[in-house]
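Take a look at the structure set out below.
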2 protein chains.
Amino acid sequence: MFASMDSVTAFAPATVSNVACGFDVLGFPLESPGDEVTARFWGRESPARDATPVANVRIDEILGDNGRLPRDAARNTAGVAAQALLTRLGERRGVALTIRKGLPLSSGLGGSAASAVAAVVAVDALVGAHSSLETLMSCAFEGERIGAGSAHGDNIGPAVYGGFVLVRVANPPDVIRLPVPAGLTAVVVHPDLEIETAKARALLGTTVPLADAIRQWANLGTLVDALHRGDFAQLARSLEDTIAEPRRATLVPGLAAIKQSALDAGALGCSLSGSGPSLFALCRDARSAAAVAAAMTRSVKQHIGGEPQTYVSPISTRGARVIAR
Amino acid sequence: MFASMDSVTAFAPATVSNVACGFDVLGFPLESPGDEVTARFWGRESPARDATPVANVRIDEILGDNGRLPRDAARNTAGVAAQALLTRLGERRGVALTIRKGLPLSSGLGGSAASAVAAVVAVDALVGAHSSLETLMSCAFEGERIGAGSAHGDNIGPAVYGGFVLVRVANPPDVIRLPVPAGLTAVVVHPDLEIETAKARALLGTTVPLADAIRQWANLGTLVDALHRGDFAQLARSLEDTIAEPRRATLVPGLAAIKQSALDAGALGCSLSGSGPSLFALCRDARSAAAVAAAMTRSVKQHIGGEPQTYVSPISTRGARVIAR
């Protein structure tokens with residue numbers, strides 16, 4: 001049942017979570033960028049008589065983080081996620097990880113989730129376990145929860161499954177893959193800013209006005225129906241965030257103007273990606289997305305300055321995957 | 001353009017609103033019971049030189065309310081709704097209404113909405129206006145808002161349009177008709193209790209925990225997807241109310257036990273209809289609904305006593321309509 005090979009590298013994509021009206025429950029992946037994790041066995045194997053699982057994951061190297069992420073596997077999202085899977089599988093061989101961050105840190109593009117998901121996919125292939133997507137999601141969720149301090153599944157879910165993913169319950173996963181209408185294309189602009197997820201979350205508080213919440217679930221129901229019917233006009237109406245964006249607007253200078261530039265250029269909607277500072281827009285086709293990307297990038301430079309990174313991608317229907325063995 | 005006839009009678013059905021996870025935004029009609037409103041012209045016509053619309057609706061008779069509803073058209077949901085439509089149409093002839101309440105008062109079955117909707121449908125046909133469903137909904141909403149003190153569209157919408165209706169915005173209406181899976185059947189039990197909507201609403205307060213709200217919109221998105229795919233197992237998981245039912249549970253003695261009796265008998269889910277005291281269950285087919293109806297009725301008698309009224313009906317895809325001219 002368990003095969004063995006020298007090393008396996010997996011890719012997990014950037015993900016846009018919240019998607020305006022789906023705070024903590026909705027997300028989708030881009031085709032790129034993403035994080036890559038390479039897993040290989042290393043010498044240490046936990047002794048067979050040791051009944052409790054041991055920490056048999058180590059991190060060899062992290063590239064692309066400017067030394068900012070923890071090298072201690074027990075405090076690293078990828079390390080914790082890999083360990084969760086090995087423990088669940090009863091695997092006693094040691095596994096070493098190399099992490100290549102393709103995603104900027106604290107960008108609102110699901111970087112923690114991408115590393116955790118790439119790690120479990122790589123480790124699963126390394127040991128030849130063929131775990132279910134539910135198991136991979138559950139272990140990646142553990143990684144994000146412990147490694148990043150909190151987790152909500154709306155980055156993990158899309159990174160594992162691909163496509164528009166609604167996370168009814170994150171763990172154990174109750175995950176719904178929604179249809180992706182033909183043509184639908186995402187624009188993401190990452191301003192030259194960093195926002196800590198924990199700080200962005202603190203702005204929300206722990207209660208919300210009932211009227212705002214009602215509007216949010218009306219919009220989310222409207223969005224799900226619009227995806228099923230490929231109704232872009234209705235999708236556009238649903239892309240309204242009454243919960244997070246109004247309370248986080250101060251984190252991104254010029255947010256209202258940047259949004260307006262996207263809408264003026266033809267976007268169906270525009271809001272923060274995750275807790276920001278990245279912004280996403282949804283567009284009816286690639287041509288519209290190109291115009292929206294240009295307008296948003298210009299507006300971000302004008303209001304925030306620096307050198308924003310801009311990505312244009314279809315809603316990727318592929319989740320994380322092995323890219324090299 | 002305007003035809004004339006002696007009288008028109010319209011029927012508008014009982015509606016189940018909230019539907020567990022769709023507080024204030026989701027509802028569906030039963031085939032019966034419902035309210036009937038007969039409209040006919042009467043002598044008084046507002047003078048043509050009077051630029052402001054006059055109160056040219058009167059209520060001749062209300063049957064089935066034990067004298068409890070206001071006979072003053074300006075304070076009656078049906079009267080206000082009819083007046084709103086006549087004003088919008090620029091109609092200057094007087095209209096008299098007779099209202100036959102088929103729905104028990106304060107039952108949680110959308111009685112105010114049914115009277116308002118039946119009134120606008122009857123008046124529209126009487127004057128031959130062929131108004132859009134949006135116009136009818138908007139005028140009925142005015143009737144419920146003024147006549148009942150508040151309105152949320154999740155009874156009005158289903159009573160006008162039929163089928164599972166998601167009300168993104170009540171007025172001006174942005175209304176989405178959701179698919180109704182084959183077989184889906186509702187059971188409604190009206191216990192021998194009355195709950196004032198205003199009191200039930202006061203129990204909710206004006207803010208809710210963010211975590212409860214997140215769970216609610218995850219469930220509503222899950223429900224919309226389940227209706228589109230006819231996935232009864234997923235529909236069952238989505239029928240969870242984290243907002244209203246927990247805060248209103250004390251209004252209905254034995255609520256938890258009654259719900260459990262429905263689930264034990266095979267219901268997909270069970271919750272309060274509107275603000276209660278009526279309870280609804282959704283079932284996969286008519287046969288299951290018969291068993292659930294028997295179990296719920298027995299349980300309601302045991303925990304509440306009195307003589308409950310029990311209704312079994314497919315999710316009606318027909319809204320209000322003219323039944324006699």
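Remarks
- Alpha-carbon gyration tensor eigenvalues x 5, square-rooted, for the range B:51-128, Å: 22, 12, 10
- Inter-label distance, nm, simple model (7 Å from Cα along the C-beta direction), residue A:6/residue A:133: 3.2
- Altogether, the Stokes-Einstein calculation at 10 °C and 1.306 mPa s, with the Kirkwood radius of the range B:183-279 over Cα pairs as Rh, returns a diffusion coefficient of 110 µm²/s.
- Relative contact order computed over chain B (Cα-Cα under 8 Å; 6+ residues apart), in percent: 25
- Size of the protein assembly as shown from its Cα atoms: along the principal axes, largest to smallest, the extents are 96, 61, 37 Å.
- Charge tally around residue A:310: other residues with Cβ under 15 Å, Lys/Arg +1 each, Asp/Glu -1 each, net -1.
- Split chain A at each of the GluC sites (Glu not before Pro) in a DSSP loop with at most 15 other beta carbon atoms within 10 Å, and the longest piece is A:1-193.
- Shielding value for A:163-172 is 3, the average number of Cβ atoms from other chains within 10 Å of each residue's Cβ.
- Where a label projected 7 Å from the Cα of residue A:194 along Cα→Cβ would reach, residues of the range A:65-104 with amide N under 15 Å: A:65-71, A:101-104
- The Kirkwood hydrodynamic radius of the range B:7-178, based on inverse pair distances between different Cα atoms, is 15.5 Å.
- With contributions of -39500 (n - 2.57) from each DSSP H run of at least four residues, the per-residue ellipticity at 222 nm computed over the protein assembly as shown stands at -11000 deg cm²/dmol.
- The modelled label-to-label distance for the pair residue B:298/residue B:257, using points 7 Å beyond Cα in the direction of Cβ, is 1.4 nm.
- Nearest-first distances (nm) between copies at residue B:7, label 7 Å from Cα via Cβ: 8.8
- At 1.306 mPa s and 10 °C, Stokes diffusion of the range A:106-235 via Kirkwood alpha-carbon radius, µm² per second: 96
- Bridge type composition, the protein assembly as shown - antiparallel percent by DSSP, nearest 5: 90
- Cα convex hull, chain B: 124 Å³ per residue, rounded to a whole number.
- Counting, for every residue in A:205-212, the Cβ atoms of other protein chains within 10 Å of its Cβ and taking the mean gives 6.
- Nonlocal amide H pairs with residue A:268, under 5 Å, H built at 1.01 Å: A:282, A:283, A:284
- Based on Cα atoms of the range A:254-325, Rg over Rh with Rh as the Kirkwood radius reads 1.04.
- Average other protein chain Cβ within 10 Å of Cβ, residues B:132-140: 0
No value in this document is a laboratory result; all are computed from the given coordinates. Source: prediction; values computed, not measured. Glycine also receives a Cβ, built like all others from the backbone with ideal geometry; neighbour counts cover every protein chain displayed.
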